[in-house]
Amino acid sequence: MYIPGGAEDAVLILDRLETHFKVRTKPFARPLSVHAVDDVSLAIRKGETVAVVGESGSGKTTLGRTAVRLIEPTGGRVLYDGQDITHTKMKNLMWLRRKTQIVPQDPYASVNPAFTVFKILEEPLIVHHEGTTEEREDRVHKALESVKLIPPDIFERKFAHMLSGGQRQRVAVARAMILDPELIIADEPVSMLDASVRVSILDLLRQIQTDRRVAFLYITHDLATARHFANRIAVMYAGKLAELGPVGSVLAEPLHPYTQALMAAIPDPDPENRFRKIAALPGEPPSLVSPPSGCRFHPRCPIARQGLCEVEVPALRELRPGHFVACHLAV
Amino acid sequence: MDGISFDLERGQTLAIVGESGCGKTSTASAILRMLPRNVAKYEGRVEFDGKDLMTLNNEDFRTQVRWRAVSIVFQGAMNALSPMIPVGRQVAEPLMLHLDMDKEEARAKTEEAMESVGLPRYTVDRYAHELSGGMKQRVVIAMALVMRPSLVILDEPTSALDVMTQANIMNLLKQLKEEQGLSYIFITHDLGLSSELADWVGIMYAGQLVEVGPAETVFPKPTHPYTQKLLSSVPRLKSEEKPDSIPGTPPDLTSPPKGCRFHPRCPFVFEKCKSFEPPFFGQTDRSACWLLEAGG
Ligand SMILES: Nc1ncnc2c1ncn2[C@@H]1O[C@H](COP(=O)(O)OP(=O)(O)OP(=O)(O)O)[C@@H](O)[C@H]1O
Ligand SMILES: Nc1ncnc2c1ncn2[C@@H]1O[C@H](COP(=O)(O)OP(=O)(O)OP(=O)(O)O)[C@@H](O)[C@H]1O
Ligand code: SF4
Ligand SMILES: [Mg+2]
Ligand SMILES: [Mg+2]
């Protein structure tokens with residue numbers, strides 16, 4: 001097994017993971033395969049945050065859900081704490097449902113508006129048969145305090161529909177934390193929130209991480225929040241890893257032309273911006289039913305070399321310490 | 001929205017920036033007199049090219065101003081395209097309705113408009129579901145341009161799009177501005193994005209404009225505490241600077257705080273802020289904050 005970036009002290013290892021979906025364009029037509037995740041190898045260390053970044057449809061959510069067996073992989077292996085769980089029966093995976101949690105994108109869809117905050121937070125404890133009634137009450141209080149919904153005895157009696165988006169997302173975070181997980185898959189946890197509350201949720205996640213050494217798979221299309229929240233960045237393009245490395249190294253010196261374009265496309269506030277064109281990529285991401293040959297990025301790549309890029313699939317190569325790139329021309 | 005005043009020179013862009021629910025779309029609707037049924041109060045003045053638009057009756061406003069002089073790309077418009085009618089017909093509609101063009105002439109103008117937004121001419125015969133998000137957004141922009149207005153209001157024109165598609169649309173808007181000498185009112189919640197077009201920046205909070213000034217001064221040196229906080233809450237991609245959060249949440253607009261509406265969240269709040277509404281202070285960069293009162 002070869003994992004770029006190493007797998008020491010890993011809580012989760014993805015080994016050549018592959019998730020394809022079967023879709024039919026018409027009833028009775030031959031099903032086609034959507035190559036949503038293809039040959040992704042990646043480890044998440046205990047207490048580490050890895051940001052998975054990429055355009056819509058690049059396979060980020062599929063990767064996150066496959067990693068915790070919410071979607072069945074088509075190929076490759078998933079290892080949790082060194083144990084191969086790729087084919088473990090669901091009924092033997094209750095412990096995984098406790099050790100790994102998901103914070104979803106849309107606080108309005110993920111938190112049942114007709115439930116009280118108390119009920120939303122108590123439910124996972126009941127499902128996993130944890131504690132007496134008093135103990136559960138105590139844990140709900142502590143969870144609310146840790147996400148700064150204070151005073152907890154007021155907030156726990158509110159119905160979710162009475163909360164703002166930011167408050168609902170805090171409830172979703174508290175619910176994910178209440179079973180004391182080791183790994184959290186946070187799928188765009190702040191993209192629906194306003195600028196002024198976005199940072200406070202990310203700060204909260206970061207604090208939980210340092211206090212309890214929880215590992216995060218932080219899924220986002222926003223490189224800027226990844227910079228401030230993650231230890232490492234994995235850039236996905238059309239179902240494959242394009243670049244992987246420590247945040248500092250990747251953003252100081254993006255080696256993949258796709259990462260470079262992604263960085264150019266996100267403006268920091270600057271009055272000079274209006275006088276220049278953004279170096280954006282033309283076209284659209286490719287179809288994952290028949291992804292481009294060779295490097296999947298070649299049809300949009302500004303530096304693609306004919307005879308090479310559309311022929312050979314680029315391997316992930318370590319060009320800087322811990323910093324990998326899948327591009328034939330990167331040096 | 002409450003007591004909004006600003007002016008905009010021809011060929012310039014004003015970006016209106018603020019958080020969800022602060023009244024950005026309401027401001028746009030008020031300019032175009034597209035008011036929701038339950039509007040309780042609508043007063044003030046809108047002047048365009050030296051003409052007081054408030055003196056026009058609804059019929060004159062509809063035929064002389066809306067679309068022809070001032071047009072709008074509505075928030076979420078690309079998802080409101082009809083699935084049943086080719087997009088070209090939807091773009092051509094105002095031409096036939098307001099300019100009495102015949103079919104051929106309208107089609108030719110529509111094809112031109114498609115080309116100007118970077119779409120092939122044959123797009124006119126396509127249906128919305130055959131187009132990608134970026135292409136639909138271009139159609140909606142063509143729709144706003146087809147009557148050749150001089151001012152276009154862009155309400156979150158890219159917020160449903162991916163970063164790369166967004167970048168391409170921003171490039172298009174820059175190019176159109178240059179080629180056609182357009183003026184824009186660019187509404188967005190994204191400060192970074194606003195700097196892609198803004199010559200002037202207006203910051204809204206809880207239904208009011210709290211700061212208006214040139215991009216050159218507002219981005220590096222904002223004077224209103226809310227603008228300062230908002231700017232420092234933006235995670236920067238190209239610098240190490242850590243983003244800072246703003247404590248609290250925006251107020252409920254059915255009963256906004258007395259005095260300065262930002263006072264419950266303001267780090268510099270003092271007694272006066274709690275009971276008296278601050279007027280604008282400052283020359284080119286104007287802010288409604290008591291800290292800026294002469295000598296303050
Ligand atoms: N259940 C499914 N059946 C068929 N195709 C699917 C399914 N789920 C996802 N896909 C396809 O797999 C690809 C990857 O989707 P995924 O949701 O993982 O992307 P993503 O990177 O999370 O995108 P976004 O940023 O929009 O959330 C897409 O082309 C999507 O249409
Ligand atoms: N027809 C209406 N009836 C009652 N309240 C309304 C109506 N339209 C808007 N509002 C309220 O007015 C305020 C301003 O709304 P507006 O749509 O202008 O905000 P916005 O700044 O455009 O927000 P967003 O960024 O979410 O689009 C909000 O509190 C909204 O709930
Ligand atoms: S007027 Fe007072 S409360 Fe309002 S922003 Fe200025 S200092 Fe803060
Ligand atoms: Mg997703
Ligand atoms: Mg709006």
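The values are calculated or read from the model by the stated rules, or taken from the named source; none is laboratory data. On a predicted model such as this, the values are computed, not experimentally measured, just so you know. Here the Cβ positions follow ideal geometry from the backbone for every residue, glycine too, while neighbour counts run over all protein chains shown. In case anyone asks, the SASA skips ligands and DNA or RNA and just uses the protein heavy atoms, side chains included. Shrake-Rupley method; radii C 1.70, N 1.55, O 1.52, S 1.80 Å.
Look at the dipole of the stretch B:215-296 built from charges on Cβ: of B:P250, B:C266, B:L237, the Cα furthest out on the positive end belongs to B:P250. In sequence order, the stretch A:81-93 has phi-based couplings of 6, x, 9, 6, 10, 4, 10, 4, 5, 3, 5, 9, 10 Hz under the Karplus curve 6.51 cos²θ - 1.76 cosθ + 1.60, θ = phi - 60°, and Gly or Pro positions carry x.
Taking amide hydrogens as placed 1.01 Å from N in the peptide plane, the amide H of A:I233 sits under 5 Å from those of A:A51, A:G245, A:V247, each at least 5 positions away in sequence or on another chain. When shorter helices are ignored and each DSSP H run of at least 4 residues is given -39500 (n - 2.57), the per-residue value for chain A at 222 nm works out to -8500 deg cm²/dmol. Applying 1/(1 + (r/R0)^6) with R0 = 25 Å to the Cβ-Cβ distance of B:S132 and B:E179 gives a FRET efficiency near 0.55. Reported value for the stretch B:215-296: 120 Å³ per residue, from the convex hull of its C-alpha atoms. Check each residue of the stretch B:191-225 and keep those whose accessible area, probe 1.4 Å, is at least 50 Å² smaller with all protein chains in place than in the chain alone; give them in order of residue number. When all protein chains are present, B:S195, B:E196, B:E216 each give up 50 Å² or more of accessible surface.
Pairs from the list A:K26/B:K136; A:K89/A:K240; B:K51/B:K272; A:K60/B:K238 with a Cα-Cα gap above 31 Å: B:K51/B:K272.
Have a look at the stretch B:16-43 and report residues whose accessible surface goes down by 20 Å² or more when the remaining protein chains are included, against the chain on its own, probe 1.4 Å, ligands and DNA/RNA excluded. Checking the loss per residue gives B:E19, B:S20. Whole-Hz Karplus values for the stretch B:151-160 come out as 10, 10, 8, 10, 9, 6, x, 10, 6, 8 Hz, taken residue by residue from phi with 6.51 cos²θ - 1.76 cosθ + 1.60 and θ = phi - 60°; glycine and proline positions read x.
Once the partner protein chains are put back, the stretch B:249-279 shows a loss of at least 30 square angstrom of accessible area, versus the chain by itself, at B:T249 (probe 1.4 Å, ligands and nucleic acids excluded). What a 1.4 Å probe finds exposed on the protein assembly as shown is 52% carbon and sulfur by accessible area, rounded to a whole percent. For A:S41, nonlocal amide neighbours, meaning residues 5 or more places apart or on other chains whose placed amide H falls under 5 Å from its own, are A:R16, A:L17. Using 1/(1 + (r/R0)^6) with R0 = 35 angstrom and r between the beta carbons of B:S232 and A:V331, what's the FRET efficiency to the nearest 0.05? Efficiency computed from Cβ-Cβ geometry: 0.40.
Average accessible surface for the stretch B:1-198: 47 Å² per residue, computed with a 1.4 Å probe over protein heavy atoms with every protein chain in place. How much FRET efficiency would the formula 1/(1 + (r/R0)^6) give for A:T132 and A:D9, where r is the Cβ-Cβ distance and R0 is 35 Å, rounded to 0.05? Once the sixth-power term is evaluated, E becomes 0.50.
Here the average projected area of the convex hull drawn through the C-alpha atoms of chain A stands at 19.8 nm².
Residue ranking by accessible heavy-atom surface, 1.4 Å probe, largest first, among A:E310, B:E19, B:E271 comes out as B:E271, A:E310, B:E19. Between B:T217 and B:M96, the simple spin-label model (points 7 angstrom out along Cα→Cβ) gives 5.1 nm. Entry note, chain B: the mean residue ellipticity at 222 nm calculated from DSSP H runs of n ≥ 4, each adding -39500 (n - 2.57), is -8500 deg cm²/dmol after division by the residues and rounding to the nearest 500. With the simple model of a label 7 Å out from the Cα in the direction of the Cβ, A:K158 to A:D211 spans 1.9 nm. Identify which of B:F74, B:F270, B:F219 has the largest mean-square fluctuation in a Gaussian network model of chain B, with springs joining Cα atoms closer than 10 Å. Checking each option, the largest mean-square fluctuation is seen for B:F270. Along its principal axes, the stretch B:1-198 has C-alpha extents of 45, 40, 33 angstrom, given from the largest down. For the chain pair B and A, the interface hides roughly 3600 square angstrom of accessible area in total, found with a 1.4 Å probe. Close amide H pairs (under 5 Å, H built 1.01 Å from N) link B:E277 with B:G259, residues at least 5 positions away or on another chain. With the cut-off at under 19 Å, measuring from each backbone N in the stretch A:254-283 to a point 7 Å along the Cα-to-Cβ line of B:E240 picks out A:254. Could you tell me how many degrees, from 0 to 90 and to the nearest 10, lie between the Cα long axis of helix A:195-212 and the main elongation axis, the longest principal axis, of the Cα atoms of chain A? Computed tilt is about 80 degrees. Couplings 3J(HN,Hα) of the stretch B:124-132, computed from phi: 4, 8, 7, 9, 3, 5, 8, 10, 6 Hz, in residue order, whole Hz [Karplus 6.51 cos²θ - 1.76 cosθ + 1.60, θ = phi - 60°; x for Gly and Pro].
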